[in-house]
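Data first, discussion second: the structure below is written as structure tokens.
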Amino acid sequence: MEVSLDVVNFKEELDRIEKEMAVLANEDIDYLVKYGTEQLRVVTPVDTGKARAGWDFELNFKDTKGYRTSRIFNEVEYIDVLNTGHSQQAPKYFIEQTLSRIGLITQ
């Protein structure tokens, strides 16, 4: 038995699906970036609180197909020192461990 399927306006349907995928992917990205930023605040060692308060994020549209580009950042000058194990309050590479655990980066 042979089954065939004719799709009317195939190109338009593919475009619609791609746009829908971008919307759904962007919702996931937004959530993960915000959640990741919160988690980094929680695990960042605290002395003065400056490094913990330094976490922030940006959500941008850069791609012509509508997929989001985002970044989590901390502009405190010594965040890299903390991340390499300077504090006893957090393990080495706590940033990478946190982002890997929630699926924002892969090992």
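Those residues that are part of a loop (DSSP other than H, G, I, E, B), under 30 Å from E18 (Cβ atoms) and not aromatic (F, W, Y), I need them from segment 52-107; list them, please.
Those that are part of a loop (DSSP other than H, G, I, E, B), under 30 Å from E18 (Cβ atoms) and not aromatic (F, W, Y): K62, D63, T64, K65, G66, I102, G103, L104, I105, T106, Q107.
On the basis of being among the charged types (D, E, K, R) and assigned to a loop (DSSP other than H, G, I, E, B), does E2 make the cut?
Answer is yes for this residue.
Run S100 past the list (1) in contact (Cβ under 8 Å) with a residue 24 or more places away in the chain; (2) surrounded by 12 or more Cβ atoms within 10 Å (Cβ to Cβ); (3) within 18 Å of the chain's Cα centre (by Cα) and report the number of the one that doesn't hold.
(1)
In this structure, is G54 modelled with pLDDT of 95 or more, small (G, A, S) and either more than 13 Å from the chain's Cα centre (by Cα) or surrounded by 10 or more Cβ atoms within 10 Å (Cβ to Cβ) (or both)?
Judged against the criteria, G54 is a match.
If I filter segment 29-36 for residues that are touching a residue at least 12 places away in the same chain (Cβ under 8 Å) and over 15 Å from the mean Cα position of the chain (by Cα), do I get at least one hit?
no
Can you report the number of residues in segment 39-51 which are in contact (Cβ under 8 Å) with a residue 12 or more places away in the chain and either among the aromatic types (F, W, Y) or assigned to a helix (DSSP H, G or I) (or both)?
Count: 6.
Which is within 30 Å of F94 (Cα to Cα), exposed (fewer than 12 other Cβ atoms within 10 Å of the Cβ) and of a type in the set (A, V, I, L, M, F, W, C), of V33, V46, V8, V42?
V42
The values are calculated or read from the model by the stated rules, or taken from the named source; none is laboratory data. On a predicted model such as this, the values are computed, not experimentally measured, just so you know. Counting neighbours? That spans all protein chains shown, and the Cβs are built from the backbone with ideal geometry, glycine included.
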